[in-house]
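*Asks:* The structure is given below, and queries will be raised subsequently.
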Amino acid sequence: MKFIGIIPARYASTRFPGKPLALLGGRPVIQHVYEKAVAAIGEAYVATDDQRIFEVVKAFSGQAVMTRSDHQSGTDRIEEACEKIGTDADVIINIQGDEPFVAVSQIETLKGLFNHPQTQIGTLGKRFESMEAVMNPNSPKIVTDKTGFALYFSRSVIPYIRGKEQDCWINHFSYLKHLGIYAYRRETLYEITHLPSSSLELAESLEQLRWLENGYRIRVGITEVETVGIDTPEDLQRAEVFLLKQKSE
């Protein structure tokens, strides 16, 4: 089975314009992500709509492809990138351009999900460590069946634990946090980018619900690795601390 990594990277961001080019440990954030992807997959491309990002990737000898600026999601950008590259990969791995600490082990877990013939889309989950974190609507929750396939994703706390105080629900159920890294079979990626928005997707503002609502099977791998995504300049400061801690261990 052949894999390829595609890293969607936009310059425009409401909370942190230009974050793929922000320096982390003296190197652009996008370079950290690209090097992790290549280490785990072997072949990777940055898919961008911005010439500045394209040139920076080329400057550190990375592979990049220019895409349109009107895509509604990173998934759509990845599909265009695959068409332009003309890849013959069986599985496309989508690694966010603002995740410089994505671990090689996480990508390996994603790849392993496709050993199951019914896996059309793969993603990752990590066990929540506190009820406070579970209750954060910016951290989507996943519930799965016994074989690891997703039943639902929600910003709400699911499942509801009947007859128990909410503060201690985590003592009665192992809540699973969704991490926004995906992999898709090549034909599945093409199909899902041609689906219209769905009612569940619009209700929760979670793209993956469109896929579930249309019957696609999403298998969830479990990781114990914590990462630090970068959405704001404050996140970049935290990432610097995290990077220093990694280097000292």
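*Asks:* Condition first: charged (D, E, K, R), farther than 25 Å from residue 24 by Cβ and in a loop (DSSP other than H, G, I, E, B). Now tell me which residues in the range 82-105 satisfy that.
*Replies:* Of everything in the range 82-105, those that are charged (D, E, K, R), farther than 25 Å from residue 24 by Cβ and in a loop (DSSP other than H, G, I, E, B) turn out to be 88, 90.
*Asks:* Let me ask another. What's the number of the condition residue 245 fails, among (1) at pLDDT below 95; (2) surrounded by 12 or more Cβ atoms within 10 Å (Cβ to Cβ); (3) in a helix (DSSP H, G or I)?
*Replies:* (2)
*Asks:* In the range 131-155, how many residues are small (Gly, Ala, Ser), part of a loop (DSSP other than H, G, I, E, B) and touching a residue at least 40 places away in the same chain (Cβ under 8 Å)?
*Replies:* Here the count works out to 1.
Here's the yes/no breakdown for (1) surrounded by 14 or more Cβ atoms within 10 Å (Cβ to Cβ); (2) modelled with pLDDT under 95:
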site: 36; (1), (2): yes, yes
site: 88; (1), (2): no, no
site: 93; (1), (2): yes, no
site: 101; (1), (2): yes, yes
site: 109; (1), (2): yes, no
site: 112; (1), (2): no, no
site: 123; (1), (2): yes, no
site: 132; (1), (2): no, no
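*Asks:* Further, regarding this structure: Please indicate, with yes or no, whether at least one residue in the range 106-113 is touching a strand residue (DSSP E or B) at 6+ places or on another chain (Cβ under 8 Å), among the basic types (Lys, Arg) and in a helix (DSSP H, G or I).
*Replies:* Yes; the residues of the range 106-113 include at least one that is touching a strand residue (DSSP E or B) at 6+ places or on another chain (Cβ under 8 Å), among the basic types (Lys, Arg) and in a helix (DSSP H, G or I).
*Asks:* Given the criterion among the β-branched types (Val, Ile, Thr) and within 16 Å of the chain's Cα centre (by Cα), identify the matching residue among 57, 65, 46.
*Replies:* Going through 57, 65, 46 in turn, just one is among the β-branched types (Val, Ile, Thr) and within 16 Å of the chain's Cα centre (by Cα): 46.
*Asks:* Turning to a different aspect of this structure: Name the single residue, out of those in the range 190-215 being under 15 Å from residue 118 (Cα atoms) and surrounded by 19 or more Cβ atoms within 10 Å (Cβ to Cβ), that is farthest from the chain's Cα centre (by Cα).
*Replies:* 212
*Asks:* For the range 185-233: of the residues being assigned to a loop (DSSP other than H, G, I, E, B) and of a type in the set (A, V, I, L, M, F, W, C), which is farthest from residue 129 (Cα to Cα)?
*Replies:* Ranking the candidates gives 195 first.
*Asks:* Just checking, how many residues over the range 162-189 are in contact with a strand residue (DSSP E or B) (Cβ under 8 Å, 6 or more places away or on another chain), surrounded by 12 or more Cβ atoms within 10 Å (Cβ to Cβ) and at pLDDT 95 or above?
*Replies:* Result for the range 162-189: 11.
*Asks:* Could you tell me which of the residues 30, 7, 53 is surrounded by 12 or more Cβ atoms within 10 Å (Cβ to Cβ), assigned to a strand (DSSP E or B) and β-branched (Val, Ile, Thr)?
*Replies:* Selected residue: 7, the only one of 30, 7, 53 that is surrounded by 12 or more Cβ atoms within 10 Å (Cβ to Cβ), assigned to a strand (DSSP E or B) and β-branched (Val, Ile, Thr).
*Asks:* Take residue 79 and tell me if it is buried (at least 22 other Cβ atoms within 10 Å of the Cβ) and either of a type in the set (Asp, Glu) or in a strand (DSSP E or B) (or both).
*Replies:* Judged against the criteria, residue 79 is a match.
*Asks:* Also, I was wondering about something else. Cβ-Cβ below 8 Å, separation at least six or inter-chain, first residue in the range 37-56 and touching a residue at least 40 places away in the same chain (Cβ under 8 Å), second of a type in the set (S, T, N, Q) and in a helix (DSSP H, G or I): which pairs?
*Replies:* Qualifying pairs under 8 Å: none.
*Asks:* Starting from the range 226-249, take each residue that is aromatic (Phe, Trp, Tyr) and list its partners that are part of a loop (DSSP other than H, G, I, E, B), counting only C-beta distances under 7 angstrom and pairs at least six apart or across chains.
*Replies:* Sorted first by the residue in the range 226-249, then by its partner, the pairs are 242/101; 242/228.
The values are calculated or read from the model by the stated rules, or taken from the named source; none is laboratory data. What you are looking at is a predicted structure, and each value in this text was computed from that prediction instead of being measured. Every residue, glycine as well, gets a Cβ built from its backbone with ideal geometry; the counts of neighbours run over all protein chains shown.
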